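J.: The structure's right below; bear with me while I get my questions together.
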Amino acid sequence: MGCGGDTSTPGGSVPDELIADFTKDNGLNPADGRQGGFYVYGDDKGTFDPPKVGEDAYPTDPDNGNPNGSGPGSFHTKASGFGTWGAAMGTDFAPKEGDFKGTYNASKYKGVSFWAKAGAALTGVQVSFPDIYTDAKGNPNALNSEIFPCAYITGATNNCSPYLVKFADANGKFPKYESYQIDTEWKQFDIFFEDTQQDQYNPGFHTEADKVDLEHLTAMAIQVNATYVDGKATQNDFELWLDDVYFIK
């Protein structure tokens, strides 16, 4: 496992690899130019509790948090009714550049570590890392004049398919994460960039290297997918707390 425990260094300063610990709000640790806050999003069938209110910052839970780390304060939501693809919580790492998401150079890190617990054991969890090529609001044209933003079109070669890992994947594509499950106890989860790949059922645009572009990372997200039975999606309601999110050196 990666970083955990006390969120400060011996001198009381906050380590650069801290992304967020939610002791005050949903905002990111502003180290190395990172800027933004955690948010929730999902398909058009469901609702969140607390609800999303326009562009307001999503509230945190001041009373509950990782007892093995920063203590009280966590990012928390209850999601219900999301029956198309599901719902997620995540963050962007850099401010917008015009109409597009900014990018963050995370190449000095090996992955992301976080603590999480749920109201009940979760299924269908994936952790994704959209980059300038696989984020619909990214602008790869700024790097290559022949490449334009991806689109959410199933089966298209320019589909916005981020690099991700799946917990307990039934197809065995992510063997290091077969035992990973977010349940009712606080647990730490380490996700390594080298293990990420595009969803085999939803491939999309990728560079010749076919790996996440860490020099132009836009975001991260923890997604709970809808449940699929005989090809039909049904809602997979959940309650999730997130705390002590770090980059892994």
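The values are calculated or read from the model by the stated rules, or taken from the named source; none is laboratory data. Source: prediction; values computed, not measured. When we count neighbours, we look across all protein chains shown, and the Cβ atoms used for this are built from the backbone with ideal geometry, even at glycine.
J.: Could you run through the range 43-70 and say how many residues are within 14 Å of Trp115 (Cβ to Cβ) and either of a type in the set (Phe, Trp, Tyr) or not in a loop (DSSP other than H, G, I, E, B) (or both)?
T.: Qualifying residue count, the range 43-70: 1.
J.: Does Phe193 count as under 25 Å from Asp21 (Cβ atoms) and in contact with a helix residue (DSSP H, G or I) (Cβ under 9 Å, 6 or more places away or on another chain)? Before the answer, list the steps.
T.: Working: under 25 Å from Asp21 (Cβ atoms): yes; in contact with a helix residue (DSSP H, G or I) (Cβ under 9 Å, 6 or more places away or on another chain): yes.
Yes; evaluated as a whole, the condition is true for this residue.
J.: Related question: Just give me the residues in the range 19-40 being under 21 Å from Val127 (Cα atoms) and either in contact (Cβ under 8 Å) with a residue 60 or more places away in the chain or touching a Ser or Thr at 6+ places or on another chain (Cβ under 6 Å) (or both), in sequence order.
T.: Quick first cut of the range 19-40, residues under 21 Å from Val127 (Cα atoms) only: 19-22, 26-29, 34-40.
Listed by number, the residues that qualify are Ile19, Ala20, Asp21, Phe22, Asn26, Leu28, Arg34, Gln35, Gly36, Phe38, Val40.
J.: Of all residues in the range 1-26, how many are surrounded by 15 or more Cβ atoms within 10 Å (Cβ to Cβ), hydrophobic (A, V, I, L, M, F, W, C) and either at pLDDT below 50 or over 14 Å from Val245 (Cβ atoms) (or both)?
T.: The number of residues fulfilling the criteria is 1.
J.: Hey, another quick one. Name the single residue, out of those in the range 16-42 being assigned to a strand (DSSP E or B) and small (Gly, Ala, Ser), that is farthest from Lys108 (Cα to Cα).
T.: Just the residues of the range 16-42 that are assigned to a strand (DSSP E or B), to begin with: 18-20, 27, 37-42.
Right, trim to small (Gly, Ala, Ser) and you get 20, 27, 37, 42.
Values: Ala20: 18, Gly27: 22, Gly37: 21, Gly42: 31 Å.
Selected residue: Gly42.
J.: Do we have Ala233 as within 22 Å of Pro175 (Cα to Cα) and surrounded by 15 or more Cβ atoms within 10 Å (Cβ to Cβ) here?
T.: Numbers: within 22 Å of Pro175 (Cα to Cα): no; surrounded by 15 or more Cβ atoms within 10 Å (Cβ to Cβ): yes.
No; evaluated as a whole, the condition is false for this residue.
J.: Then there is this: In the range 94-138, what count of residues is obtained for those that are more than 23 Å from Phe174 (Cβ to Cβ) and either in contact with a strand residue (DSSP E or B) (Cβ under 9 Å, 6 or more places away or on another chain) or among the small types (Gly, Ala, Ser) (or both)? Let's see the steps before the verdict.
T.: As a first pass, look at the range 94-138 and keep what is more than 23 Å from Phe174 (Cβ to Cβ): 94-105, 108, 119, 132, 136-138.
With the extra rule that they be either in contact with a strand residue (DSSP E or B) (Cβ under 9 Å, 6 or more places away or on another chain) or among the small types (Gly, Ala, Ser) (or both), the set shrinks to 94, 98, 101-105, 108, 119, 132, 136-138.
Selection size over the range 94-138: 13.
J.: Can you tell me which of Phe193, Phe189, Phe238 is modelled with pLDDT of 95 or more and out of contact with any Gly (no Cβ under 8 Å at 6 or more places or on another chain)? So that I can check it myself, show each step before the final result.
T.: Details: Phe193 fails: out of contact with any Gly (no Cβ under 8 Å at 6 or more places or on another chain); Phe238 fails: out of contact with any Gly (no Cβ under 8 Å at 6 or more places or on another chain).
Being modelled with pLDDT of 95 or more and out of contact with any Gly (no Cβ under 8 Å at 6 or more places or on another chain) holds for just one of Phe193, Phe189, Phe238, which is Phe189.
J.: When you go through Ala57, Ala106 one by one, which is the residue that is more than 14 Å from Ile222 (Cα to Cα), of a type in the set (A, V, I, L, M, F, W, C) and touching a residue at least 60 places away in the same chain (Cβ under 8 Å)?
T.: On the way: Ala57 fails: touching a residue at least 60 places away in the same chain (Cβ under 8 Å).
Checking each option against the conditions leaves just Ala106.
J.: If I go through the range 74-92 residue by residue, how many of them are buried (at least 22 other Cβ atoms within 10 Å of the Cβ) and either in contact with a Lys or Arg (Cβ under 7 Å, 6 or more places away or on another chain) or charged (D, E, K, R) (or both)?
T.: The number of residues fulfilling the criteria is 2.
J.: Tell me yes or no: at least one residue of the range 62-70 is within 16 Å of Leu122 (Cβ to Cβ) and in contact (Cβ under 8 Å) with a residue 24 or more places away in the chain.
T.: At the first step, the residues of the range 62-70 found to be within 16 Å of Leu122 (Cβ to Cβ) are none.
Checked the range 62-70: no residue is within 16 Å of Leu122 (Cβ to Cβ) and in contact (Cβ under 8 Å) with a residue 24 or more places away in the chain.
J.: Could you tell me how many of the residues in the range 218-249 are outside any strand (DSSP E or B), farther than 17 Å from Phe93 by Cα and either among the polar types (S, T, N, Q) or under 17 Å from the mean Cα position of the chain (by Cα) (or both)?
T.: The qualifying residues number 3.
J.: Still on this structure: For the range 109-217, please list each of the strands (runs of 3 or more DSSP E) lying entirely inside it that holds at least 1 residues being more than 22 Å from Gln35 (Cβ to Cβ) and small (Gly, Ala, Ser). Let's see the steps before the verdict.
T.: Numbers: elements: 111-118, 125-129, 163-166, 187-192.
By residue number, 111-118.
J.: Of all residues in the range 167-196, how many are touching a residue at least 12 places away in the same chain (Cβ under 8 Å) and more than 24 Å from Gly65 (Cα to Cα)? So that I can check it myself, show each step before the final result.
T.: Restricting attention to the range 167-196, the residues satisfying the condition of being touching a residue at least 12 places away in the same chain (Cβ under 8 Å) are 167-168, 171, 173-174, 176-177, 180-196.
After this cut, where a residue has to be more than 24 Å from Gly65 (Cα to Cα) as well, the list is 168, 171, 173-174, 176, 193-196.
Adding up the residues that qualify gives 9.
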